[in-house]
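Undergrad: Attaching a single structure in structure tokens format; questions to follow.
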Amino acid sequence: MDWLELSTDNCPVQRTLDLVGQKWTLLIIREAVNGVKRFDDFRQHLGISEAVLTDRLRILTAAGILTTREYRQAGSRGRREYVLTDKGWDLWPIVVALRQWGDKHAVDPEGPLLEVRHDGCGSPIRVVVECSAGHGALTPHDVSVTLGPAARPLPHSAT
């Protein structure tokens, strides 16, 4: 069975994009990775409407990517702040990979917005694909793809 004969109804890439594939959703995750926690800070820094932000935060919270914590500033009522869960932090390599791709193919003429470096040695970080035995960085030519247990054939359409 080849790719075009497979059903993609249960594709993990598709399911992930259904959850985080909208522009504002990934930008909210980027903001959270960079330490933004409060609704007004998200709204102002992103320039996003209140309604869209409310909807995206609800989706991310329901999915367990963000969680809320109560906070109270002196003299104000209690409010919620949004923080990444472990599940949310698992999206960090995706944010880094998008930044890495953008720095190579869509960089501002003045250079990158941020430089992300390893605390231990000061070198720039990069996302690479490697096998579980630690052989990397791999290219698409270094791997093979086989059917997994969830692979299903496309249903035959009646003609």
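The values are calculated or read from the model by the stated rules, or taken from the named source; none is laboratory data. Computed from a prediction, not measured in an experiment: that's the story for all the values here. Counting neighbours? That spans all protein chains shown, and the Cβs are built from the backbone with ideal geometry, glycine included.
Undergrad: List pairs: first residue in the stretch 60-77 and small (Gly, Ala, Ser), second residue surrounded by 11 or more Cβ atoms within 10 Å (Cβ to Cβ) and not in a loop (DSSP other than H, G, I, E, B) anywhere in the structure, Cβ distance under 6 angstrom, at least six positions apart or on different chains.
TA: Close Cβ pairs (under 6 Å, with a partner that is surrounded by 11 or more Cβ atoms within 10 Å (Cβ to Cβ) and not in a loop (DSSP other than H, G, I, E, B)) amount to 63/19; 64/87.
Undergrad: I'd like to check something: does the stretch 125-132 contain any residue that is farther than 30 Å from residue 24 by Cα and exposed (fewer than 10 other Cβ atoms within 10 Å of the Cβ)? Give the steps one after another, and end with the answer.
TA: Looking only at the stretch 125-132, we keep the residues that are farther than 30 Å from residue 24 by Cα, and these are 131-132.
From what is left, the residues that are exposed (fewer than 10 other Cβ atoms within 10 Å of the Cβ) are 132.
Yes, the stretch 125-132 contains at least one residue that is farther than 30 Å from residue 24 by Cα and exposed (fewer than 10 other Cβ atoms within 10 Å of the Cβ).
Undergrad: When you look at residue 24, is it under 19 Å from residue 65 (Cα atoms) and not basic (Lys, Arg), yes or no? Break it down stepwise before answering.
TA: Details: under 19 Å from residue 65 (Cα atoms): yes; not basic (Lys, Arg): yes.
Yes: the conditions hold for residue 24.
Undergrad: Continuing with this model, one more query. Kindly indicate the residue of the stretch 136-153 that is surrounded by 10 or more Cβ atoms within 10 Å (Cβ to Cβ) and without any contact (Cβ under 8 Å) to a residue 12 or more places away in the chain and also nearest to residue 7 (Cα to Cα) among those meeting that condition.
TA: 142
Undergrad: Next question. Quick check, is residue 96 under 15 Å from residue 32 (Cβ atoms) and of a type in the set (A, V, I, L, M, F, W, C)? Let's see the steps before the verdict.
TA: Values: under 15 Å from residue 32 (Cβ atoms): yes; of a type in the set (A, V, I, L, M, F, W, C): yes.
Yes, satisfied.
Undergrad: Does residue 112 meet the test of being touching a helix residue (DSSP H, G or I) at 6+ places or on another chain (Cβ under 7 Å), part of a loop (DSSP other than H, G, I, E, B) and either loosely packed, with under 14 Cβ neighbours inside 10 Å or without any contact (Cβ under 8 Å) to a residue 40 or more places away in the chain (or both)? Even if it seems obvious, please write down each step before you answer.
TA: Values: touching a helix residue (DSSP H, G or I) at 6+ places or on another chain (Cβ under 7 Å): yes; part of a loop (DSSP other than H, G, I, E, B): yes; either loosely packed, with under 14 Cβ neighbours inside 10 Å or without any contact (Cβ under 8 Å) to a residue 40 or more places away in the chain (or both): yes.
Judged against the criteria, residue 112 is a match.
Undergrad: Being surrounded by 11 or more Cβ atoms within 10 Å (Cβ to Cβ) and farther than 27 Å from residue 125 by Cα narrows it down to one residue among 9, 90; which is it? Give the derivation first.
TA: Numbers: 90 fails: farther than 27 Å from residue 125 by Cα.
The match here is 9.
Undergrad: A follow-up question, please. Considering 70, 81, which residue is surrounded by 15 or more Cβ atoms within 10 Å (Cβ to Cβ), acidic (Asp, Glu) and on the phi < 0 side of the Ramachandran plot? Talk me through it step by step, then tell me what you get.
TA: Details: 70 fails: surrounded by 15 or more Cβ atoms within 10 Å (Cβ to Cβ).
Sole residue among the options that is surrounded by 15 or more Cβ atoms within 10 Å (Cβ to Cβ), acidic (Asp, Glu) and on the phi < 0 side of the Ramachandran plot: 81.
Undergrad: Among the residues of the stretch 68-105 satisfying the criterion of being assigned to a loop (DSSP other than H, G, I, E, B) and among the polar types (S, T, N, Q), which is nearest to residue 28 (Cα to Cα)? If you could, list the steps in order and put the result at the bottom.
TA: The first filter runs over the stretch 68-105 and keeps only residues assigned to a loop (DSSP other than H, G, I, E, B), leaving 72-78, 85, 90-91.
Narrowing further to those that are among the polar types (S, T, N, Q): 73, 76, 85.
Numbers: 73: 23, 76: 25, 85: 14 Å.
Across the stretch 68-105, the extreme among qualifying residues is 85.
Undergrad: Given the criteria outside any loop (DSSP other than H, G, I, E, B) and modelled with pLDDT of 95 or more, does residue 119 qualify? Give the steps one after another, and end with the answer.
TA: Details: outside any loop (DSSP other than H, G, I, E, B): no; modelled with pLDDT of 95 or more: yes.
No; evaluated as a whole, the condition is false for this residue.
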